[in-house]
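To start, the structure itself, in structure tokens.
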Amino acid sequence: SPGKAPCPALLVLIIGWQQSTAHVREPHVESATDEAMVIPPTVPAVAAATAVVATEPPIPSPTSTPTGVPSPTATAIPPTVFRASVRQTGNVREIPRTIASEVRTTATAGQSVELRRRVPDGSWFLVVTPGGVQGWMSETLLAVDEAVRGQVPVDETDWNTVAPVPTIAPSPTAPAPTRQVAETNPPATAAGPLVVRSIRAIKSSTAVYVVGVAENTTDRPLGDINLSVGLYTPDGSLAGQESTNISGFDIAPAHGQFPFFVLIDVPAPGWTVPRAEMSGTPVNLSVGGMRRYLDLTGEASSSQSGIIGYDVSGKIVNTGNRPAKYVSFVVIAYDKAGTLLDLHHSMITSVDVIPAGASVAFKENMLHLNQRPARLVVLAQGVDETTIP
């Protein structure tokens, strides 16, 4: 009450209460008042509630997609890829037939190719080679699993009515507009074991292909042949180059001929002259594993084709004493002056093996020939079947 001193016990209680209160407020260094305990007005009250109250996750509506979960259509199903192995080295052609069908490349036995389509009877397959070249291969050259064969999509095109790419037949009075021929009998290349005797570049509507014949001037067969073919402009600039020989030959017989065939895609314009350089290494055909077989000869005759170019018919003869397998052959056409006109390469597919002393007939179309050749030369190489593992 006023005028009286406070009771000592009461003072002790008040002081203790103040000390206890001050101890609780020490962490709020920004203020010693109770305002530090007030939630700032910029923070909504509902936010404080959701920070401490666990709520059930919202149930998405049937038409909504939960955040972070991909749509079922976002993952594309990869297309099925069908594959087959090449049973026998052979040609990859522009269209599924051997007559009037340009060879795009050669697939080697043992390679794996992708199967894109097949003709209805399954006799030809559209393939993609390991090098990325797409074309048609005969079913006889492929080892196609029966479970895969029926799943390859069918191509319903009537290929008997489809003309090859060079569809303009040469006029008897004017050269075909899609053909460009250059330097058929160039000077011999620099001295060496392989000398280029003839070369010819022919421009089709899709590419330039260069054919030629070299001669092995040594007493030994040559293998590991390195080939480089270029197209040059009049000022000597290189317009295009290729080194892959798709003639199917890899041995130049002693004092024999070695044909070459390369495709050059989209060279620079203005080229006029093709040139070839090559080298080889002496090889012993009687030593080693799978051996090349050269005891093969051939002959052929020509006739005007009912479609385009000229048909050539002939036979390959095994003149040796071993069975020949994987037989490749080349038909070389010359005019009366001995100028190279064209070169066609193919494989014997009607039989797997040509026995010793036997012969096998063939018929091919040389679609780029615009005149009847005066002379045909047939060269052939194979593998000694007895050396195949």
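Annotation: amide H-H contacts under 5 Å for residue 102 (H modelled 1.01 Å from N, sequence separation of 5 or more, or interchain): 94, 95, 165. Straight-line reach from residue 315: taking Cα to Cα under 20 Å and skipping same-chain neighbours fewer than 8 places apart, the aspartates and glutamates in range are 295, 299, 342, 352, 364, 384, 385. The packing ranking, built from the mean of other Cβ atoms within 10 Å per residue, places the peptides 104-114, 372-382 in the order 372-382, 104-114, highest first.
Would you mind telling me the antiparallel percentage of the DSSP bridges in segment 221-354, rounded to 5?
Among the beta bridges of segment 221-354, antiparallel pairing accounts for roughly 100 percent.
From the square roots a ≥ b ≥ c of the eigenvalues of the alpha-carbon gyration tensor of segment 244-389, which class results: rounded (a/c under 1.5), prolate (a/b over b/c), or oblate? Oblate.
Less than 10 Å Cβ to Cβ from residue 366, Lys/Arg counted +1 and Asp/Glu -1: what total charge do the surrounding residues give?
Summing Lys/Arg as +1 and Asp/Glu as -1 gives -3.
Take the Cβ atoms of residue 206 and residue 87, set R0 to 25 Å, and the FRET efficiency comes out at 0.35. Quick one: net charge around residue 316, please, counting Lys, Arg +1 and Asp, Glu -1 for every other residue with C-beta under 13 Å from its C-beta. Once positives and negatives cancel, what remains is 0. With each pseudo-label sitting 7 Å past Cα toward Cβ, what's the residue 128-residue 321 distance in nm, one decimal? The modelled label-to-label distance comes out at 5.0 nm. The simple Förster model, with R0 at 25 Å and r as the Cβ-Cβ distance, assigns residue 277 and residue 111 a FRET efficiency of 0.35. For the pair residue 363 and residue 238, the difference between a 0.36 nm per residue extended length and the Cα-Cα distance amounts to 41.3 nm. Calculate, in nm to one decimal, what residue 146 and residue 352 gain on full extension: separation in residues at 0.36 nm each, minus their alpha carbon distance. Gain in length upon complete extension: 72.1 nm.
Using the alpha-carbon positions of segment 249-316, Rg (one decimal) and Dmax (whole number) come out as 17.7, 47 Å. Computed extension length for residue 154-residue 218: 17.9 nm, one decimal, from 0.36 nm per residue of separation with the Cα-Cα distance subtracted.
Any read-out appearing in this document is the output of simple, stated calculations on the displayed coordinates, not a laboratory observation. Worth saying up front: this structure is predicted, and the values here are computed from it rather than measured. No Cβ is skipped: glycine too gets one built from the backbone with ideal geometry, and neighbour counts run over all protein chains shown.
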